[in-house]
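Each remark here refers to the structure printed beneath this line.
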Amino acid sequence: MMNIFTTIVNSCIALNPERYFDVSYLEKEILRILNGETAEFQNIYIAFHNLGWNTEHWYHIAILAGSDIRSVSEKLAALAQLPERPCYLIPYYDTPEHKKHSGPEKMIILCNIFKNNTIIKKLETIVASTKGDLYLGISMPFYQLEEMKLYYEQAQFALQYAEKHHMKHIRCEYIIPEALSEILKEDSSLHMLIHPDISILMKHDRDYQTDYLNTFRAFLYHGCSYQATARAMSLHQNTLRYRMRKIESLISGNLYDAQYRESMLCALLLV
């Protein structure tokens, strides 16, 4: 009996989704999720499905903030209205007065990324093309709308990082090492874990104006590949090989020992 009832309801919704699930309903339910409140996920899935979304695809949450949101509102609206409906926009206001006079404090953008795999790049392009005060933080991809709150917090973290470092846009997955490094550096009790090899390279750089620590870091980050490291550092491979021979003569560990490399990568987060 319940299955029959569900089928009838879904058929009615499919015929006229706006009658049953308008924009304000979705906005309210999504904001309830982001605030940690209970929400009707089944209805949310139905609503998105009837807006043309494939709810078996991956999602991103992006947060756009700054004083110039209005300057890109038309471009964002055009993006949301593409035939494949790649994103859903939720303006966020501090107060009703803010809503009436100032426009949104921030824009929450929910993206259905396999519906349009270029949506994130398009958002980044829109933000990068503005000259004003505008920042975009982007979560990692996720698969269940029930996980939305966690990834909203990721997008907030990325947004704060972008604002702090004056970057127009940033994806959370790209800043994990830097973010961890900033957090760990604040805990002075962890400085005892800095490996002496790192201290040796830092001292050598100070005394002789070399760039051994950054070279060491880049070499480890690029899997000890001379070609990839040289390309990343804009160095000739022969120059890199010369530096690495000098570095290996100073350090105590073996660069080709996996455990040593793992320890060094962790310790480098502290400096």
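The values are calculated or read from the model by the stated rules, or taken from the named source; none is laboratory data. The model shown is predicted, which means the values in this text are computed figures rather than measured ones. As a convention, Cβ positions derive from the backbone with ideal geometry for all residues, glycine included, and neighbour counts pool all protein chains shown. Ligands, DNA and RNA are stripped out before the accessible areas are found, and what is left, the full protein with its side chains, is counted by its heavy atoms. Shrake-Rupley method; radii C 1.70, N 1.55, O 1.52, S 1.80 Å.
K131 meets the conditions (1) assigned to a loop (DSSP other than H, G, I, E, B); (2) open to solvent by less than 80 Å² (accessible area, probe 1.4 Å); (3) without any contact (Cβ under 8 Å) to a residue 24 or more places away in the chain in every case but one. The failed one is (2).
Condition first: in contact (Cβ under 8 Å) with a residue 60 or more places away in the chain and more than 12 Å from A218 (Cα to Cα). Can you find one or more residues in the stretch 240-253 that meet it?
Step one: list which residues in the stretch 240-253 are in contact (Cβ under 8 Å) with a residue 60 or more places away in the chain, which gives none.
Taking every residue of the stretch 240-253 in turn, none turns out to be in contact (Cβ under 8 Å) with a residue 60 or more places away in the chain and more than 12 Å from A218 (Cα to Cα).
Considering the stretch 134-161, the residues that are part of a loop (DSSP other than H, G, I, E, B) and among the hydrophobic types (A, V, I, L, M, F, W, C) include one that is nearest to S67 (Cα to Cα), namely L134. Considering the stretch 223-233, the residues that are free of Cβ contacts under 8 Å to residues at least 12 places away in the same chain and open to solvent by less than 70 Å² (accessible area, probe 1.4 Å) include one that is nearest to S263 (Cα to Cα), namely G223.
If the condition is being in a loop (DSSP other than H, G, I, E, B) and open to solvent by 50 Å² or more (accessible area, probe 1.4 Å), then the stretch 46-73 contributes L51, N54, E56, W58, S67.
Residues that are farther than 21 Å from L184 by Cα and of a type in the set (F, W, Y) within the stretch 243-269 comprise just one, Y256.
Evaluating S252 against the criteria (1) open to solvent by 30 Å² or more (accessible area, probe 1.4 Å); (2) small (G, A, S); (3) within 18 Å of I194 (Cβ to Cβ); (4) within 29 Å of the chain's Cα centre (by Cα) leaves one unmet condition, (4). Just so you know, in the stretch 143-201 the residues that are surrounded by 14 or more Cβ atoms within 10 Å (Cβ to Cβ) and β-branched (V, I, T) include one that is farthest from the chain's Cα centre (by Cα), and it is I200. Apart from one condition, H236 fits all of (1) free of Cβ contacts under 8 Å to residues at least 60 places away in the same chain; (2) closer than 24 Å to I176 by Cα; the exception is (2). Sort out which residues of the stretch 85-126 are out of contact with any helix residue (DSSP H, G or I) (no Cβ under 9 Å at 6 or more places or on another chain), open to solvent by less than 60 Å² (accessible area, probe 1.4 Å) and modelled with pLDDT under 85, and write them in order of number. Of everything in the stretch 85-126, just one residue is out of contact with any helix residue (DSSP H, G or I) (no Cβ under 9 Å at 6 or more places or on another chain), open to solvent by less than 60 Å² (accessible area, probe 1.4 Å) and modelled with pLDDT under 85, namely H98.
Name the residues in the stretch 23-45 that are open to solvent by less than 30 Å² (accessible area, probe 1.4 Å), part of a helix (DSSP H, G or I) and not charged (D, E, K, R), would you? It would help to see each step written out before you state the result.
Here is the first cut: in the stretch 23-45, the ones open to solvent by less than 30 Å² (accessible area, probe 1.4 Å) are 26, 29-30, 33-34, 39, 44.
If we keep only those that are part of a helix (DSSP H, G or I) as well, we get 26, 29-30, 33-34, 44.
Within the stretch 23-45, L26, I30, I33, L34, I44 qualify.
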